[in-house]
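First up is the structure itself, then whatever we jot down about it.
The values are calculated or read from the model by the stated rules, or taken from the named source; none is laboratory data. These figures come from a predicted structure and were not determined experimentally. Please note: Cβ atoms are built from the backbone with ideal geometry, for glycine as well, and neighbour counts cover all protein chains shown.
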Amino acid sequence: MNNLERGNNVSLSIQRDRSLTVQPTLETVDRQKEIVLTFSTEESGNSIIRSVIGSYLNGYSIIKLKSKKIFTVEQHNAIRNVVRSLYMRIIKSSANQVDLQTLMDESMASVYSGIERMHIITASMCQDTLKSMMEWDEDLAKSVVSLEEDVDQFMYFLLRLVRSSALSPSLANQLGLDMVDCLDCQTLVHRIEQVADHTTNIADSLIDLFEEKLFMPRDVYPVLVKSAEVAFDLYDRAVQSFLSKNVELTNDIIDEQKDIERLGDEITPIPFHGEREERNVLCHICIIRDSIKRISEYAADIAELTIDSSFKVRGSNPP
């Protein structure tokens with residue numbers, strides 16, 4: 001079944017559950033999975049993007065996109081946009097076909113190193129957003145928005161790694177993951193990406209306030225800044241606790257999440273007289289408040305994930 005002949009070499013590997021896997025040596029050579037996706041001219045750009053992302057997450061290294069006629073300008077733009085969000089490149093392009101290829105070698109990657117880098121970018125977005133709120137700096141808020149695409153790139157690649165590891169015991173063993181690790185890492189990656197999304201929402205609202213030359217009421221602004229400072233700190237500590245497998249501070253993180261709710265209650269409603277400027281300010285305050293609350297909730301989720309992970313039954317590691 002594996003086309004083995006007398007004299008061929010095979011490899012024997014020890015899995016994390018101490019089982020043995022025998023593989024043809026050719027299995028260790030980089031094998032590129034290929035998929036062909038065919039679209040009609042009427043297919044929306046968003047539909048193409050979702051199909052490419054789905055194929056990428058499921059481990060396909062070469063994705064060939066074909067049109068039944070020709071790709072429209074909108075479809076070509078959608079393909080180029082999704083390539084920027086993934087670790088892929090266009091290796092062939094014509095009126096009716098575009099071939100994409102991954103740029104990363106999964107066997108040389110590290111899930112936890114990737115998570116740490118993804119967190120570093122997100123944490124810097126949080127700190128720059130807080131500084132933008134405190135110093136009322138529009139350029140800093142715009143720089144935060146520009147970093148969201150970098151976080152998305154890490155998210156897609158890490159989810160691809162985790163899904164591939166769940167399907168391939170040899171890859172999971174090489175990356176030092178078991179099935180529970182895959183589930184934990186997938187949840188953590190989603191939470192970090194959601195924190196980046198809500199941080200971007202806050203930055204977008206600040207940019208709108210800057211451009212419209214609107215200001216927050218004096219009784220609301222300092223409470224929002226304090227809430228953001230607490231939420232961003234909780235998030236950073238939660239991820240650091242997970243990566244260091246330190247559960248000592250996780251209960252404090254979960255308990256402190258309630259401080260965000262208390263601070264949110266301190267934000268007094270703005271007297272509303274129906275003027276356009278007041279409506280806009282009220283809308284942005286609600287967006288910022290809700291995003292801060294979500295970030296604190298995600299921090300608590302990560303802290304709980306760290307606790308759950310600490311109780312995982314650890315088998316003996318293979319030599």
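Tabulated values for the structure
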item	result
Residue in the range 81-88 that is part of a loop (DSSP other than H, G, I, E, B) and within 17 Å of the chain's Cα centre (by Cα) present	yes
Hits in the range 93-107 (condition: in contact (Cβ under 8 Å) with a residue 24 or more places away in the chain, touching an Asp or Glu at 6+ places or on another chain (Cβ under 9 Å) and not in a helix (DSSP H, G or I))	Asp105
Members of the range 61-74 found to be within 11 Å of Gln97 (Cα to Cα) and either outside any loop (DSSP other than H, G, I, E, B) or not assigned by TED's automatic domain parsing to the domain that holds Ser47 (or both), listed by number	Ile63, Lys64, Leu65, Lys66, Ser67
Residue within the range 102-119 that is aromatic (Phe, Trp, Tyr) and within 15 Å of the chain's Cα centre (by Cα) present	yes
Any hit, the range 96-103, residues being of a type in the set (D, E, K, R) and assigned by TED's automatic domain parsing to the domain that holds Leu209	no
Counted residues, the range 54-75 - those being in contact (Cβ under 8 Å) with a residue 60 or more places away in the chain and buried (at least 17 other Cβ atoms within 10 Å of the Cβ)	3
Unique match (being at pLDDT below 90 and not aliphatic (A, V, I, L, M)) among Arg89, Arg16, Arg50, Arg80	Arg16
Test for Phe242: is it of a type in the set (Phe, Trp, Tyr), assigned by TED's automatic domain parsing to the domain that holds Asp290, at pLDDT 85 or above and closer than 13 Å to Ile302 by Cα	yes
Enumeration of residues in the range 235-251 that are of a type outside the set (Val, Ile, Thr) and over 17 Å from Ile295 (Cβ atoms)	Leu243, Ser244, Lys245, Asn246, Glu248, Leu249, Asn251
Some residue of the range 154-165 being in the same structural domain as Ile285 (by TED's automatic domain parsing), without any contact (Cβ under 8 Å) to a residue 40 or more places away in the chain and surrounded by fewer than 19 Cβ atoms within 10 Å (Cβ to Cβ)	no
